1. Residue check: is L199 within 26 Å of D332 (Cα to Cα), surrounded by fewer than 22 Cβ atoms within 10 Å (Cβ to Cβ), in contact (Cβ under 8 Å) with a residue 40 or more places away in the chain and over 20 Å from the mean Cα position of the chain (by Cα)?
2. Please tell me if R363 is in contact with a Lys or Arg (Cβ under 8 Å, 6 or more places away or on another chain) and either more than 30 Å from S214 (Cα to Cα) or part of a loop (DSSP other than H, G, I, E, B) (or both).
3. Of all residues in the range 500-519, which are at pLDDT 95 or above and more than 33 Å from the chain's Cα centre (by Cα)?
4. Exactly one condition in (1) in a loop (DSSP other than H, G, I, E, B); (2) touching a Gly at 6+ places or on another chain (Cβ under 7 Å) is not met by F235; state its number.
5. G290 fails exactly one of the following numbered conditions: (1) part of a strand (DSSP E or B); (2) of a type outside the set (A, V, I, L, M); (3) over 15 Å from the mean Cα position of the chain (by Cα); (4) crowded, with 23+ Cβ neighbours inside 10 Å. What is the number of that condition?
6. Which of the residues belonging to the range 479-494 are modelled with pLDDT of 95 or more and under 25 Å from A396 (Cα atoms)?
7. Can you tell me how many residues in the range 198-257 are within 17 Å of K391 (Cβ to Cβ) and hydroxyl-bearing (S, T, Y)?
Amino acid sequence: MKHPAFFKQFLITICLTVFLSPNLDAQTKKIKRPKSRVGVASVDSFVQESFDLYDKVYKYDGYAASGTPLEDDDIDVLEEALAEMSSLSESAPDIINDLDGVGVLKQGKATLQVNRAKKALQYSIKTAKELLLGQRERETQEDDDTTTSDDDNDDGDEESDNDANNGHSNDDTEEEPSNVSDGLEVYSKYDFVPGDKILFFDDFSQDFVGDLPSKWNTNGSGAIVKLNKVEGNWFELKAGYRLYVIPDINELPEDYTIEFDVLTSGLSNQTSSGARLHIVLSDTNAFSNGKTHYAAVTLPLGQYAAFNINAYNHFNGKGGMINSGLTADIRDEVKNQPHIAISVTKKRYRLWVNEVKYVDIPRFIEELDVLNYLKFHLYGLKDGEERVFIKNIKVAEGGVDLRRKLLSEGKISTNGILFDSGSANIQPQSLGIVRQISQVLMQDESIKLNIIGHTDSDGPDDANLKLSKARAAAVKDALVNIYNISADRLTTDGKGETQPVGDNGTTDGKALNRRVEFVKT
């Protein structure tokens, strides 16, 4: 996937026409990769990934030095590498902290290797930028200590090349969580409120296992799967270069929300720092970031250090104002079925992972009415070992303040309060709406509300009626127990499937029918 840190069209023109020095001897003398591992998982991964990226950049530096112009694909690979190197470089301080408590000799060996890897990264970042801008000026060689020293002769260290052969260290013994939903909390201060008009919804319940979901397109692969620890159908995304999956949405309003659940499998301390889930808003449904305009946020999947959430945009055919790394440590979240929520309000973009808001950029969407497509792109995972799935993708038009509507009209209906399937258990990410209702009740203590639950038509009529009543009661309990609203101000009722507002034959219609109403009494 391409990254918009540089002007794409400008780069293609320059990199295809400018020849740098034809003298191969002018290229920087190569930094040697350490020959053995340290035995500290995070250090070994950091060093290996740093030199993997270094080798990639060094190769392109050699092309330029010999007068070979960079092709379009070369530019894309360099852009990908530059983004990965930036994230990896940010993790270096955390890697050093991991050495606390290990032996003195191992600390010394690890420090030497990390320092060498950092030099390789510094060269790689600087060189990649210069190559992309056609401004590469090379030194004749690096300092001798980066090219000839061999800090890893196993001096006094029993860790040997055996670790390199088996691909892991003895320190990597962390167990996977026993339950993907462990650790989820009630989000009493969660302020995300989903849009009130559904534009797209897919829980993949209408698709066959093994098929690509019917309301999506891709230039690669992906399939519906069932998993043993969680309910329902999930869409497995495939990682790859320039590989996108695109839901059937072709028009986004100025104000809208996006929600989906993520499930991961096989992530460990060996997962690449470049492993990321990209969420792209685009001006085209082509298999690229965009034609002239796009904006994207990437969620890190790497586990051996805390990697930033990255945000970048690209408008009017050139790099935008935003290309930033936002401090985040979501390692536990990505292994415990996180709920991702995004709110776009004209130019403002906000993103939550579970209850925490990590992104809030006031002018991220530089041009209105040009980004009409949503895309997902997964990159940097080991095929067959590290897997990512998504479910419950909901895009809804927003812009309505439920508090003001309830006060002015005396009634609101929302399908943004979600429950576990066939249950009255409120999903915690739904409490942004319940919080808004509590604010109305706290503002005017004379207001009393009747809470009415509705279901879709799946299941027997009597069971749906009972379920709708139980869900209304659960919302009342949340208002009373979480937000301290007096119980005598709230009554509840349920209508089951008897008052549909959408077509129960479609997933979108069913999502509309699963709703809760609040009526002033």
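The values are calculated or read from the model by the stated rules, or taken from the named source; none is laboratory data. Fair warning: this is a prediction, and the values are worked out from it, not measured in the lab. Here the Cβ positions follow ideal geometry from the backbone for every residue, glycine too, while neighbour counts run over all protein chains shown.
1. On the way: within 26 Å of D332 (Cα to Cα): no; surrounded by fewer than 22 Cβ atoms within 10 Å (Cβ to Cβ): yes; in contact (Cβ under 8 Å) with a residue 40 or more places away in the chain: yes; over 20 Å from the mean Cα position of the chain (by Cα): yes.
No: the conditions fail for L199.
2. Considered against the rule, which asks whether it is in contact with a Lys or Arg (Cβ under 8 Å, 6 or more places away or on another chain) and either more than 30 Å from S214 (Cα to Cα) or part of a loop (DSSP other than H, G, I, E, B) (or both), R363 comes out as yes.
3. Of everything in the range 500-519, those that are at pLDDT 95 or above and more than 33 Å from the chain's Cα centre (by Cα) turn out to be F518, V519.
4. (1)
5. (1)
6. G494 - this is the single residue of the range 479-494 that is modelled with pLDDT of 95 or more and under 25 Å from A396 (Cα atoms).
7. Number satisfying all stated conditions: 4.
To keep it simple, each residue is scored yes or no on (1) modelled with pLDDT of 90 or more; (2) in contact with a strand residue (DSSP E or B) (Cβ under 6 Å, 6 or more places away or on another chain); (3) more than 26 Å from Y190 (Cα to Cα); (4) surrounded by fewer than 18 Cβ atoms within 10 Å (Cβ to Cβ).
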residue	(1), (2), (3), (4)
I433	no, yes, no, no
L441	yes, no, no, no
D477	yes, no, no, yes
T498	yes, no, yes, yes
